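Contents: one structure, followed by commentary.
The values are calculated or read from the model by the stated rules, or taken from the named source; none is laboratory data. Being a predicted model, the structure only gives us computed values, none of them experimental. With ideal geometry, Cβ positions are generated from the backbone for all residues, glycine too; neighbour counts draw on all protein chains shown.
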Amino acid sequence: MVADEVRRRNLLVMAIVFQLDKTGNPSPEITCDGCGGVIHDHTQGVAILDVPRAEPEKVLQPIFLCKGCEEHTDKTAGPRRKAPIDQFLVQMLNSVQLLPNDLEAVGRRMMQDAKY
Ligand SMILES: [Zn+2]
């Protein structure tokens, strides 16, 4: 039970990371659960729900794969639900009530912070 929880936490830690740039500023990134590489372009990866038939209201961890790993595993994997990363992120923002006006405000705040 504990090992399973640690494994699930490690999966989550693997997928969403902060990568420090050359000046040490952290940038949130998505990593591939297959090869561990950073997915820099949303068109180069997918979010996968590896449990096609789960009971309603169950919480499931997504798996992120880069295009290369997805093409490799798509041939051997069973039925899965998957979404392009852009669609996954927009749905996630909607799930936490981060609406377009909020995004604009965050963008302005980030621009303001970047000036200092
Ligand atoms: Zn990969």
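Does the stretch 19-35 contain at least one residue that is of a type outside the set (S, T, N, Q), more than 11 Å from the ligand (Cβ to nearest atom) and farther than 29 Å from Met110 by Cα? For the stretch 19-35, residues of a type outside the set (S, T, N, Q), more than 11 Å from the ligand (Cβ to nearest atom) and farther than 29 Å from Met110 by Cα: absent. Restricting the first member to the stretch 66-87 and to residues that are more than 9 Å from Gly45 (Cα to Cα) and of a type outside the set (S, T, N, Q), and the second to residues that are within 15 Å of the ligand (Cβ to nearest atom) and assigned to a helix (DSSP H, G or I), the beta-carbon pairs closer than 6 Å and six or more apart or on different chains are Asp86/His42.
How about the stretch 52-95: which of its residues are aliphatic (A, V, I, L, M) and within 15 Å of the ligand (Cβ to nearest atom)? Talk me through it step by step, then tell me what you get.
Looking only at the stretch 52-95, we keep the residues that are aliphatic (A, V, I, L, M), and these are 54, 59-60, 63, 65, 77, 83, 85, 89-90, 92-93.
Within the stretch 52-95, Ile63, Leu65, Ala77, Ile85 meet the criteria.
Give the stretch 3-27 a look and list any residue that's modelled with pLDDT of 85 or more, of a type outside the set (Val, Ile, Thr) and in contact with a strand residue (DSSP E or B) (Cβ under 8 Å, 6 or more places away or on another chain), or say none. The answer is Ala15, Phe18, Gln19, Leu20, Asp21, Pro26, Ser27.
Pairing residues of the stretch 20-41 that are farther than 15 Å from Glu70 by Cα with residues that are assigned to a loop (DSSP other than H, G, I, E, B), at Cβ distances under 7 Å and at least 6 apart in sequence or on separate chains, gives Ser27/Asp21.
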